[in-house]
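All remarks here apply to the structure that follows.
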Amino acid sequence: MADWLNMFFYEFDFKILEFFHNLMAQYGNILEPICKVLDVIGDLPFLLLGWLGFILFFVLKDKKCGMMMCGSIIIGAILVTVVLKTLVYRPRPYLSDVESYKQWWEALNLKADWDTSFPSGHTCAAMAGSLGYFLWSNKKGPKFLVFLYPLIMGISRMCLVVHYPSDVIAGLIVGTISAFLCLFVVKLFYKLFEKYPDFFFSRYCLTGRLKEKKEKN
């Protein structure tokens, strides 16, 4: 599978990675620090959207939105890490036979990643969390702006030469699937919560309280 991906997407992947390499060569003093920060906040244990979802669920009243964000990211992580990365087993670009990729990556002085390349886990998590927020947040305003995050995350992965463009696109697709799967699961959970409202976790998810509110005489 990895060999087929490398062959089928070779021209597409090379042209786009070459474009971002040239961009880094010209504006690397600005782009490189940004990309490295995104690398950190897109990975465990610093996963930015995961912590945001956690805060929404446990601190604020927006339980559904927090559950959607965390659940989407978890489903995406399972699909990427347990299923797809194991089945496809595509090496990172800098480990391929294309010498240019290795040279571009070495110029950035990065540590080698321990896992495989397809699909991009960072991009998947960014897309899953962002779409999870988009699907259930009741906040007013241009919510579609949240999709700038997975877009920027995907670009950063290519700028650092740690993923092929085809990995990034696959990450966006898997993240989208994960969010819609989570939407189905969360709706199912809330039907159960409404059916058994006296259970402490149901009460917490529905009202934000673990204990029943005592009525004043």
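Applying the set (1) of a type in the set (D, E, K, R); (2) at pLDDT below 95; (3) surrounded by 20 or more Cβ atoms within 10 Å (Cβ to Cβ) to Lys111 leaves exactly one unmet item: (3). Close contacts from the stretch 100-121, counting a first residue that is free of Cβ contacts under 8 Å to residues at least 12 places away in the same chain and a second that is of a type in the set (A, V, I, L, M, F, W, C) and surrounded by fewer than 16 Cβ atoms within 10 Å (Cβ to Cβ), with Cβ to Cβ under 8 Å and a gap of 6+ residues or different chains, come to Lys102/Leu95.
Rundown of residues vs (1) crowded, with 18+ Cβ neighbours inside 10 Å; (2) among the basic types (Lys, Arg); (3) closer than 24 Å to Phe144 by Cβ, yes/no style:
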position	(1), (2), (3)
Arg157	yes, yes, yes
Gly171	yes, no, yes
Val174	yes, no, yes
Ser178	yes, no, yes
Leu181	no, no, yes
Phe184	no, no, yes
Lys195	no, yes, no
Arg203	yes, yes, no
Thr207	no, no, no
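Looking for something modelled with pLDDT under 90, within 26 Å of Ser166 (Cβ to Cβ) and surrounded by 21 or more Cβ atoms within 10 Å (Cβ to Cβ) - is there at least one such residue anywhere in the stretch 31-45? Yes, the stretch 31-45 contains at least one residue that is modelled with pLDDT under 90, within 26 Å of Ser166 (Cβ to Cβ) and surrounded by 21 or more Cβ atoms within 10 Å (Cβ to Cβ). There is at least one residue in the stretch 132-152 that is in contact with a Leu (Cβ under 9 Å, 6 or more places away or on another chain), closer than 30 Å to Ala25 by Cβ and crowded, with 17+ Cβ neighbours inside 10 Å.
Considering the stretch 52-76 alone, what residues qualify as being within 22 Å of Ile155 (Cβ to Cβ) and either surrounded by fewer than 19 Cβ atoms within 10 Å (Cβ to Cβ) or polar (S, T, N, Q) (or both)? Result: Leu52, Ser72.
The values are calculated or read from the model by the stated rules, or taken from the named source; none is laboratory data. Computed from a predicted model, the values in this text were never measured in an experiment. Note: ideal-geometry Cβ built from the backbone for every residue, glycine included; neighbour counts use all protein chains shown.
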